[in-house]
Structures are given as C-alpha cells and as structure tokens.
1. Explain nothing, just the number: relative contact order of the chain, from Cα pairs under 8 Å at least 6 residues apart, as a whole percent.
2. Starting from the Cα of K301, draw a straight line to each of the lysines and keep only those under 23 Å, dropping any in the same chain fewer than 8 residues away.
3. Run the reach check for K109 against lysines, Cα to Cα strictly under 16 Å, same-chain hits fewer than 8 apart removed. What comes back?
4. Output ³J(HN,Hα) for segment 53-58: one whole-Hz value per residue in order, computed from phi by the Karplus curve 6.51 cos²θ - 1.76 cosθ + 1.60 with θ = phi - 60°, and x for Gly and Pro.
5. Calculate how steeply helix 2-18 sits against the longest principal axis of the alpha-carbon atoms of the chain, using the helix alpha-carbon long axis, and give the answer as 0 to 90 degrees to the nearest 10.
6. Could you work out the relative contact order of segment 30-87, using alpha carbon pairs under 8 angstrom and six or more residues apart, expressed as a whole percent?
7. Among 68-79, 162-173, what's the highest-first ranking by average C-beta atoms within 10 angstrom per residue?
8. Collect residues whose amide H, placed 1.01 Å from N in the peptide plane, falls under 5 Å from the amide H of F189; neighbours closer than 5 in sequence don't count.
Amino acid sequence: MPKVRREKNSRIHKDVAKQGIMFNKDFGQHILKNPMIIQTMVEKAAMRPTDVVLEIGPGTGNMTVKMLEKAKKVIACEVDPRMVAELQKRVQGTPLQSKLQIMIGDVLKTQLPFFDLCVANIPYQISSPLVFKLLLHRPFFRCAVLMFQREFAERLVAKPGDKVYCRLSINTQLLARVDMLMKVGKNNFRPPPKVESNVVRIEPRNPPPPIDYREWDGLTRIAFVRKNKTLAAAFKQSTVLAVLEKNYKIHCSLQNKTLPENFDMKELVMDVLKEAKAEENRARTMDIDDFKELLYQFNLKGIHFA
C-alpha cells in the first residue's frame, strides 16, 4: 500500500510540472514529498474523527489528503490560486471533497476560524508572526504540529543560558509548551530548500498565565535588545526611558496622581531594579519566573510597558 501511495504522489508532482506550475519561492513553496514524514506529523497530532484541522500552505495536498481520511474537516489556507486548483482537482468526485474547506488568501491577514488542531508545513518566512497569531487565537486549539526552519525551531525550544535563547523562546514558552519532534533533511522537499527543517509540537497553556501579554512583550523587548548586557544597562537607554516616562505620566493622569517637581524616570527605574535585585541580571539567563517577578515589581511602582 505505501508503494502505491508513493507512486501516486510522484505522479501528482509530475502532473503539476507538466501543467507548467513553477513553485513560487516568494510564497516559500517547498512541497513535502516524503510520505513517512507526512504520516509521522499526522500521527503526532493525535487526530480524532471529530477534529477540525487547520492546514496552512497545503500545496498540492499530500498532507491534506492524509488528514481528510482521519479528521471530520480540514480547513486549508492557501495564498496561491494555482495550488488551490490542484487541491480541488485532487479531491473532486471523492468522498473527501465534502470534508475540505479552502480559504484563499494570506493567513496573516485572515481571521482564523475555529479549529482543534493545526498541522502544516508552513512557509518559513511567516514563522514568527504565525506562531503568535496561533497562540493568541481564541477559542484555544488543542495543539499544533508544524514544520519550521531548523534554527527557528531551536530558538522556540531554547532554555535560559542556551546560545540561541532569545525573546522568541521566552514569549512562546510563556504561552505554550513546546517540544521538538524530529529533524527533516532538505532532500525530503521538492524543490529542496537551502535550509534544514524540524517538526515542533506546540500546545497552548490553557488557561493562559494571568499576565497582560502586551506588558510582558514590552518588557522582554527591552531586556533582549542586548541579551548579554545587564538589565541596568538596557534600561538606561534614553529611548527606553522616554517611552517608560510617557507611559508613567499617562498612568499617573488616569490615577489622578501628581508628579513630584524633581521627578526622575531613570532614578525610579533603577530603584525598582535595585529592590528586585535584578540590576546585574542578563536576559540570556533569566527564566519566565524571573521576568514575571520583574514585571510585577515594575507595575507595582506604576511603570508600564504597553
């Protein structure tokens, strides 16, 4: 049976080539051709017959068909009308046709529908905005199994102290549990990309942590601009102090608080860092609890990041 499927997949790729469809690099089109990797991704998602699955960038539909066989419905989001036509042709006249819904357009500009799972070989250039679009989507989905460029995947799962630990790492891990599933070599795609890939499983934290995400994002943005610098050095930047002072004055105005004549924003910020014993801390070694505590201390003194 696997042999027949491989031959079928190969035939479909040849048919696409015959029709003169050139894969578009601007859309990050690299079609996953290895049926074993497709099978593993679908299995790792633990799909149920009642699930609605979101797929981003279905291409010629190799993974779409697999998921249609297992799920209640697949919503495929595709930006390229040529690929949409191929996908429609592939299921036309089969029992799978009624289970497929196609959304044509840029997924980043589209309001996402309800879905239980997201399984996709996504265009790598939209990796970061897509991850946060998914994690801030409501209602919650159960999990996502996604293919990323290897370096991006490694940053997603990095821990404090790791060389690639960054703002992406901590912001993602605040909102989700992230696990590396497998490595995928470039020769598993057609055409082969210039980079290696990894498959990652993302499971949103439900309920989410009781934190204003805009505040959190503002704090980590400042701390990770120079992740090897101390927090004291990061917060002494004049542009940082200017934004914080503007926010502080708005906060005071809303609270009907009067600013003292000799008010000094830098002094207030340094006092908070000192009281929190965080002056010499560096973002690259700080974990989620460290940042939660720091955000609490800043907010306590009326310092806001959003």
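The values are calculated or read from the model by the stated rules, or taken from the named source; none is laboratory data. What you see is a predicted model; the values in this text were computed from it and never measured. FYI the Cβ positions are ideal-geometry reconstructions off the backbone, even for glycines, and counts take in every protein chain you see. Heavy atoms of the whole protein, side chains included, go into the accessibility calculation; ligands, DNA and RNA do not. Shrake-Rupley method; radii C 1.70, N 1.55, O 1.52, S 1.80 Å.
1. Values: 458 pairs, mean separation 44.2, N = 306.
Answer for the chain is 14 percent.
2. K236, K246, K249, K257, K266, K274, K277, K292
3. K133
4. Whole-Hz 3J(HN,Hα) from phi for segment 53-58: 10, 9, 10, 10, x, x.
5. 80 degrees
6. Numbers: 73 pairs, mean separation 21.1, N = 58.
Dividing the mean separation by the residue count of segment 30-87 yields 36 percent.
7. Order by mean packing, descending: 68-79, 162-173.
8. Under 5 Å from the amide H of F189: K33.
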